[in-house]
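Report on one structure; see the data block that follows.
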Amino acid sequence: MFAAIYIPDFPVEAIVRAEPPLREHAVAVIEGMPPLVHVVAVNEKAADAGVEPGMTKLQAEERLSARERSSEREAAAHAALLDCACGFSPRVEDTAADTVLLDVGGLERIFGPPAKLARDIARRCSELGLEANVAVASNADTAMLAARGFPGVTVIPPGKEAERLGELAVDVLCGARAPACAESQTGEGASATQSLELLDTLERWGVRNLRALAALPEVALSERLGQEGLRLQKLARGATPRPLVVAEPPLRFEEAMELEYPVDLLEPLSFLLNRMLEQLCARLAARALATNEIRLKFVLEITEACQIAELSNCGIEENDATNNSAIPQFGNSAVFTRTLRLPVPMLDAKVFLKLIQLDLQANPPQAPVTKIWVAAEPAEPRRAQDGLFVPAAPDPERLELTIARINKVVVPPDEKNCRFPGDSSRNQQSFSDNQKCISEPRVGSPEILDTHRRDAFRMQPFSGAGAVARSAKRVARVSEPGTRVEDPRHSVTALRVFRPPLVVTITLRDARPAHFACPDRPAWRGSIVWCAGPWRSSGEWWTEQVWSRAEWDIAVQNEEGVAVYRVFRDEIAGKWFVEGSYD
Amino acid sequence: MHLPRIVPASSLEDRPQPAVVLTGIEELDALTGGLPRGALSEICGPASSGRSSVLLALMSAMTRNHEFCALVDASDSFDPQSAAAAGVDLRRVLWIRCSKKSVVEGRRSMAIIGKNAALGHRPSAIDSVEQALKATDLLLQGGGFGLVVVDLADIPAAAARRIPLTSWFRFRRAVEHTPAVLAMLEQEPYAKTCASVVLKLSAISSQFSARLQAAGCGLQENQPAHAKVLGGLRITAEVVRSAAQGKKPARSTAVWKSRTAWAG
C-alpha cells in the first residue's frame, strides 16, 4: 500500500504556514519581474473572489492584496512535508515540491488501518501548518492522482482504482510524469510539455474524465498519441505499479522569513521567532529528534555607509556569499549571527525562545532586522534514567534558563559579547579574525589547567546531567604534585584568592619580611609575626607570558587579630603582591 | 477535676526533624549535628578564622554524595586548587563570579537599536552584593542543587549590614521545603532569626600569645624561614544559635586543626 500527501495551492500554503492568520483571508501569490508580474497561485477564497492564476498583479490587487512568492518559505514547507512523511515511513519519495509518496505496506500494526493512517498523516501535516490531501491506494501513482483530485482523506481499496479515479478530470494527470530514473533533466521538461499537449488533444476529443480516457482503445490511442498516451491511459486505469524512488532527504531543519518591513523591537521579533521555533520543534519531533544547537541569523538594514563600521565593531559580519552560502544574497546588508549551544539535546520551543530573548537582550543587533533565518542542528534525544538512591540533578531546561538569567545579572556590559572564548561553547557570537574574545566567563565550572602557574584555571560550561553521566565516583584531583589529600576527615586549609593580586608594601629585615601594608586596604597593615619562605617558581620562559616569583606565607598582626596571607614578589616586575589569605 | 491539656497552636503542626548534612569535620559535626536542609545557616568570622576551610569540607562532602553545589562568590575569591585538594568534584560545582564592576541591568523596553534603548528607561547599576542576592534568588527558584553557598566573607561589614531583612526572609522561605542547604559565609551574622544555625569561627589570634605559640599549628618558631612551612590553622567554632538544639545548646564550642594541602 502507498500513501500520497499533496498540498494544494502550494505557494499559497507555504506563505500561510508562516502567517496562520492569513488562512481566513483570500490570498494570491504573484511572481515575476515588473511589469510582467502575474498571479501563480490562489487559495479558495481568492478564487471565489474572482482571482485566478495568470492574472496580472493589477487585476488581482483590485480584489485583494497579493503576496510575493517566497522560495525560502516554500523550501521550509517542503522540508516540513518530508519530515511529516518520514515520521510514518522510512521509504519516502520526494515526487514534487507539493507531493510526497510513502510506502505504508506492513504498517497496519503500528498505525492501524489505512483510513486511520491517512487521518493521522493529515493531522500531523496540520500540526506542521500544512493543509494536505492524503490518499492511500495499492499503487503509488493511483494514490498520487487521488490525493490531487479528491480533497481531504481518500482510501481506494485494491481493485477499485479505475472505478474511483474515473470521476476525476483529465487535468489531474498534468504533472504526473514518468519516474525520474527514466528521464534526463531536459527530458523531464519535454515530458511535461508533451503531457500538456496530449491533454489539450484529449480535451478537443471530448475526453473530460479519466473514465473516458481509460475506455479508449489502446491500439488506436497509441497510434495517435504514442507511448505517452498509453502511459496516461494506464494512469487513468490505476494500473501502473512501480517502485518508489526513495530519496534520503538531508536532515536540515531551517526556517526562514523575510519581513515586509524592518523590525527594530525585540517584542515583535520574539513573536516571529516563537512561531519559527515551534515549527522547528514540531519537525524535529516528527523525526524523533532533538537539538543541541540553534543558529540564528538576522539580515540587518543598513541605511548609511558609516553604520557599517559601527556594525563591524559590534562583531557583525558584512554579508559575504562565501560565508553565508546557506542563505540567499541580500545585496548591501549586514548579517547578525548568534549561536545557542545547549549542554544536552532539548526540544522545548519555550525554553529556546527564552534563551534567545535573554541573549538578544544582552547582545542586541544594532540595526533593524529585515530577514530572519533559524536553523536547528539535529541530535539524538537524551535518555536519562534516574536512580532511586542517587540525588536528582538539576533539570537541564530549567538549569539552562537559570544560568542565562544569572549571566545577565553578573556579566558587565563590556564583557557581554564573550562567554566561552576559544572553543565551541554556548552563546558565543561569531567573530571575524581580527576580533578576539579575551574576557573570562563568569558562570560555569572551574577546570584546573595543567601548568605550574598559580591560579591557572578555565571556566567550563556547567551541565549537571553531563557530570552525573560521566562519573558517579569521587574523582581525586591534585593541586600540585605530591599533595594529594587521602584522608577526607581532615579539613584542608583553604586559600581565598584576590583577583587580581593586590599590590602590597613589604619591609624586609635580614632578608625576611618584617612589615606588611596594603595601600588598597588600609586596615591590612601590621608587623609580620611569622613567615615561611621563599619558595621560588618560574615558568613559560619560552613565551611572552614568562613569570617568576618568590612566595612567602606570612602571619600579620593587625588591629583585628592575626591574619595569614600568601604574598609573593614578582621577580620580573620587582613588586610585592598579596595573592590571598588562608582562611 | 483535671483540666484537659491545652495544646499550644505552635505545636499543632507536627514538624519532623529536618534532615542534616555533615560537613565531614568530626568535631564540628559533633557540635552542630550537621547543617540542616531546607534552612539558612551562617558561618561567620574574621579573616583566617577557617570559614573557607569549613566551606570546602562541606562542598567535598556534598559532591562525594553525588550532589551539586552552587557557589555565589561575591568577591570572586574561590580557589579551585584548594577545592580540588580538599576533594571537591569541581564538575559538580556551579561557580558564579560576581563582577566587581557595576553591572547595568538589561533593557526591559525590548529595544534593539541603541538609540531606542535610551528613550524613557534609565538603567541602574548594581554592585556585587546585589548581584549575589539576585543570583541566589535565581538559584533557589531554579532548584536542583543540594548546596547553595553565598560567599560574602570579603564584603565589608558596612555594606553587608545594608542587606534588607526582607532578603533574608525571602531566602528562608525560598529554601524551606527544599532539600537544599543554604549557607552564608560572612564576617558577622546578618540574618538574625532567619538563620537556623549560626556558627562563629575565631581567628588564630585568640589562641596565641604575642610570641606565637607554634606547637598547636605547625608554625615552627626557632627555625629559619626557608625551613618553615605552614601546617594549617587551628580553628575554634562556637554555636551562637541552633534551632534544632534550642536557645541554649548544651555544648557550644569545638576546636580542630585544618591542614594545608602540602602538610604531611
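The values are calculated or read from the model by the stated rules, or taken from the named source; none is laboratory data. Treat the numbers as computed from the prediction; the structure is a model and nothing was measured. When we count neighbours, we look across all protein chains shown, and the Cβ atoms used for this are built from the backbone with ideal geometry, even at glycine.
Please tell me if B:R170 is more than 10 Å from chain A (Cβ to nearest Cβ) and either crowded, with 21+ Cβ neighbours inside 10 Å or in contact with an Asp or Glu (Cβ under 8 Å, 6 or more places away or on another chain) (or both).
In short, yes.
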(message) Going by what's in this entry, would A:T99 be described as closer than 26 Å to A:A18 by Cβ, touching a Phe, Trp or Tyr at 6+ places or on another chain (Cβ under 8 Å) and in contact (Cβ under 8 Å) with a residue 12 or more places away in the chain?
(response) yes
(message) Return the residues of the range A:51-74 that are outside any helix (DSSP H, G or I) and under 21 Å from A:E19 (Cα atoms); say none if nothing qualifies.
(response) A:V51, A:R63, A:L64, A:S65, A:A66, A:R67, A:E68, A:R69, A:S70
(message) Suppose we keep only residues that are in contact with a strand residue (DSSP E or B) (Cβ under 7 Å, 6 or more places away or on another chain) and within 10 Å of chain B (Cβ to nearest Cβ) within the range A:561-573. Which one would you say is surrounded by the most Cβ atoms within 10 Å (Cβ to Cβ)?
(response) A:Y565
(message) I need a count of the residues in the range B:26-57 that are modelled with pLDDT under 90 and of a type in the set (V, I, T).
(response) 1
(request) Could you list, in sequence order, all residues of the range A:142-163 that are modelled with pLDDT under 90 and in contact with a helix residue (DSSP H, G or I) (Cβ under 8 Å, 6 or more places away or on another chain)? (result) A:E161, A:A162
(request) Please enumerate the residues belonging to the range A:75-88 that are part of a loop (DSSP other than H, G, I, E, B) and at pLDDT 90 or above. (result) A:F88
(request) Could you list all residues from the range A:481-491 that are among the β-branched types (V, I, T) and either touching a Gly at 6+ places or on another chain (Cβ under 8 Å) or modelled with pLDDT of 95 or more (or both)? (result) A:V485
(message) For the structure I just gave you, tell me whether A:L130 is under 24 Å from A:K160 (Cβ atoms) and aliphatic (A, V, I, L, M).
(response) no
(request) Only residues that are assigned to a loop (DSSP other than H, G, I, E, B) and away from chain A (no Cβ under 14 Å): list them for the range B:14-64, please. (result) B:D14, B:R15, B:P16, B:Q17, B:P18, B:G33, B:G34, B:G38
(message) Step by step: first the residues of the range A:247-267, then only those that are within 9 Å of chain B (Cβ to nearest Cβ) and without any contact (Cβ under 8 Å) to a residue 60 or more places away in the chain, then the one that is surrounded by the fewest Cβ atoms within 10 Å (Cβ to Cβ). Which residue is that?
(response) A:E267
(message) Considering only the range A:128-135, I want to know if a residue exists there that is in contact with a helix residue (DSSP H, G or I) (Cβ under 6 Å, 6 or more places away or on another chain) and part of a helix (DSSP H, G or I).
(response) no
(request) Scan the range A:1-31 for residues that are surrounded by fewer than 22 Cβ atoms within 10 Å (Cβ to Cβ) and in contact with a Pro (Cβ under 9 Å, 6 or more places away or on another chain) and report the count. (result) 3
(request) Quickly run through the range B:129-145 and pick out the residues that are of a type in the set (A, V, I, L, M), in contact with a strand residue (DSSP E or B) (Cβ under 9 Å, 6 or more places away or on another chain) and more than 8 Å from chain A (Cβ to nearest Cβ). (result) B:A132, B:L133, B:L140
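Could you please give the count of residues in the range A:95-109 that are under 19 Å from A:A76 (Cα atoms) and surrounded by fewer than 19 Cβ atoms within 10 Å (Cβ to Cβ)?
Here the count works out to 2.
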(request) Residue by residue through the range A:263-293, note down the ones that are at pLDDT 90 or above, more than 18 Å from A:L358 (Cβ to Cβ) and out of contact with any Leu (no Cβ under 8 Å at 6 or more places or on another chain). (result) A:R275, A:E278, A:L280
(message) Any residue in the range B:246-262 that is among the small types (G, A, S) sitting within a Cβ distance under 7 Å of a residue that is at pLDDT below 60? List the pairs, counting only those 6 or more apart or interchain.
(response) B:A261/A:S479; B:A261/A:T483; B:A261/A:V485
(message) So if I check each of A:W530, A:W552, A:W576, A:W535, which one is touching a strand residue (DSSP E or B) at 6+ places or on another chain (Cβ under 6 Å), modelled with pLDDT under 90 and assigned to a strand (DSSP E or B)?
(response) A:W530
(request) Would you point out the residue of the range A:536-559, among those that are loosely packed, with under 15 Cβ neighbours inside 10 Å and within 11 Å of chain B (Cβ to nearest Cβ), that is nearest to the chain's Cα centre (by Cα)? (result) A:R536
(request) Select from the range A:344-385 the residues that are touching a residue at least 12 places away in the same chain (Cβ under 8 Å) and polar (S, T, N, Q) and list them in ascending order. (result) A:Q357, A:Q361, A:N363, A:Q366, A:T370
(request) Being out of contact with any Pro (no Cβ under 7 Å at 6 or more places or on another chain) and part of a helix (DSSP H, G or I) is the filter; apply it to the range B:65-100 and report the residue that is surrounded by the fewest Cβ atoms within 10 Å (Cβ to Cβ). (result) B:R91
